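The structure appears right after this line, and notes come after that.
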Amino acid sequence: MEQSGVAAEGVMKRAWRAAWLVVALAAACARGDEAFAPLRMRVAGSPRQIGLQVGQAHKDFIRRQPDFFAGLGMLASGTSREALTAQAGRLAEHLAPEDAEEVRGVAEGAGISHEDALLLNLFFEVAHQSVFCRQLAVWGKASADGEMIHGRNLDWFDYPGQVLQKNNLILNVKPAKGVEYMVLTWPGFQAALTGVNRAGLSIAYNQVLGAPPRGSLSEPVLFSLKRALRSARTLDEAVDLFVKARPFGSGTILIADSPGRKAAVVEVVGGRVGVRTAEEMIGNANHATKEAGVAAWGVEPASWPVCDAARSLGLPLDRRKMIEVLRDRRVLQPNNLLSVVFEPAKNRMWLSCGRLEAARGRFVEYGLWEQGLGQRPEGISGAGARLALTGAGDGG
């Protein structure tokens, strides 16, 4: 009887996951001609103050999300809401104190429970979501002017109602302690998938698909990335942070050091961490590589597909050629939600988001910091909390 019960539970979980896949694919195929512009917000202060500002400014949006994402998580994992909440709570024990305080601040500012705020911020981990993504960094002779150019496609299946496409947020953060940074995120999500800091480091995450499960809990990898943006000033410092954290999750993290003119990819696979470097060009996708040495299975060439696409297009790359690499059919995924090119030395990024296959859309120039090149204030709303900044379009 016990064995049949376990078997029935397994069948039920597979049925739930199949239903989730249908929902995800339907959302991914729901294309529209409209592109949704990102919001921009600047926050400063202690971790709690930062969270409060985000929660208060976006409370109407954030309050709608816990029930929605809990339902999606139940479909994706085949477990109950209580089980998802408990798993998020266990992971939260490994957050840095600053990040734990930020999440509490978001909950307080938006008027939701702390448990719901944790579930939203750890949804990627507890619901086993898939983030594909491709990245490329060039510098030195591989860059048209010698400066660092970091291109990044974020590929993620959106959810019913185009929740991610419609609500991109450029969030500039000036912490009371640490390095000022900017992340490309969504309201209330205090971890980081993509960002850059004042020291000139740009960092972004790709998932390693099919990686072995991680047994012991540790700091969630997207919060390790956030911590690196907040604390690291050099490539070596950022790499060392990931090596020591051995974060929970399996992914490849590209770290580009613009002032230092060097870059590396940290590969985190099943609790093991490896690092690979290259001269003047480095890329990552969704697989481990022999160069990093963290896995004997699923290894594919480090050059595939982004470095191969760049070489076929012709080096050196400038910003326009980098965009062409991100649009290349070997690189571009159908669930591409955001595409960005960072040029930290020029204090700017070129961003296309708010639509599927975003890399094929119109790239808009944004200054990274307050006095950035290309900043043209268009409008302020929400008592000045959200500032939309637009600049010259790429013409794509």
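For the residues Val341, Val331, Val299, the requirement of being more than 30 Å from His58 (Cβ to Cβ), touching a strand residue (DSSP E or B) at 6+ places or on another chain (Cβ under 7 Å) and modelled with pLDDT of 95 or more singles out Val331.
Scanning segment 263-285 for residues that are surrounded by fewer than 24 Cβ atoms within 10 Å (Cβ to Cβ) and touching an Asp or Glu at 6+ places or on another chain (Cβ under 9 Å) returns Ala264, Val273, Gly274, Val275, Arg276, Thr277, Ala278.
A search for C-beta distances below 6 Å between a residue of segment 141-170 that is farther than 26 Å from Phe123 by Cα and any residue that is among the aromatic types (Phe, Trp, Tyr), counting only pairs 6+ apart in sequence or on different chains, returns Met148/Trp139; His150/Phe342.
Here Leu222 fits the description: touching a residue at least 40 places away in the same chain (Cβ under 8 Å), outside any strand (DSSP E or B) and within 24 Å of Glu93 (Cα to Cα).
For segment 18-81, please list each of the helices (runs of 4 or more DSSP H) lying entirely inside it that holds at least 3 residues being under 22 Å from the mean Cα position of the chain (by Cα), under 27 Å from Ala100 (Cα atoms) and at pLDDT below 95.
Qualifying helices (runs of 4 or more DSSP H): 65-77.
The rows are residues; the columns are (1) in contact (Cβ under 8 Å) with a residue 24 or more places away in the chain; (2) closer than 26 Å to Asp145 by Cα; (3) out of contact with any Leu (no Cβ under 8 Å at 6 or more places or on another chain).
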{"residue": "Leu235", "(1), (2), (3)": "yes, yes, no"}
{"residue": "Ala238", "(1), (2), (3)": "yes, yes, no"}
{"residue": "Arg246", "(1), (2), (3)": "yes, no, yes"}
{"residue": "Thr252", "(1), (2), (3)": "yes, no, yes"}
{"residue": "Ala256", "(1), (2), (3)": "yes, yes, no"}
{"residue": "Ala264", "(1), (2), (3)": "yes, yes, no"}
{"residue": "Val273", "(1), (2), (3)": "yes, no, yes"}
{"residue": "Arg276", "(1), (2), (3)": "yes, yes, yes"}
{"residue": "His287", "(1), (2), (3)": "yes, no, no"}
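Entry remark, segment 181-204: residues being within 18 Å of Met148 (Cβ to Cβ) and buried (at least 19 other Cβ atoms within 10 Å of the Cβ) number 13 in total.
Checking each residue in segment 103-140 for being at pLDDT 95 or above, assigned to a helix (DSSP H, G or I), touching a strand residue (DSSP E or B) at 6+ places or on another chain (Cβ under 9 Å) and not polar (S, T, N, Q) picks out only Gly140.
Each row is one residue, and each column tells you yes or no for (1) surrounded by fewer than 24 Cβ atoms within 10 Å (Cβ to Cβ); (2) over 19 Å from the mean Cα position of the chain (by Cα); (3) farther than 25 Å from Gly251 by Cβ.
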{"site": "Pro97", "(1), (2), (3)": "yes, yes, no"}
{"site": "Gly111", "(1), (2), (3)": "yes, yes, yes"}
{"site": "Ala117", "(1), (2), (3)": "no, no, no"}
{"site": "Gln135", "(1), (2), (3)": "no, no, no"}
{"site": "Arg152", "(1), (2), (3)": "no, no, no"}
{"site": "Tyr159", "(1), (2), (3)": "yes, no, no"}
{"site": "Val163", "(1), (2), (3)": "yes, no, no"}
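The values are calculated or read from the model by the stated rules, or taken from the named source; none is laboratory data. Here the structure is a predicted model, which is why all the values come from computation and not from measurement. Neighbour counts are summed over all protein chains in view; Cβ atoms, including those assigned to glycine, are modelled from backbone coordinates with ideal geometry.
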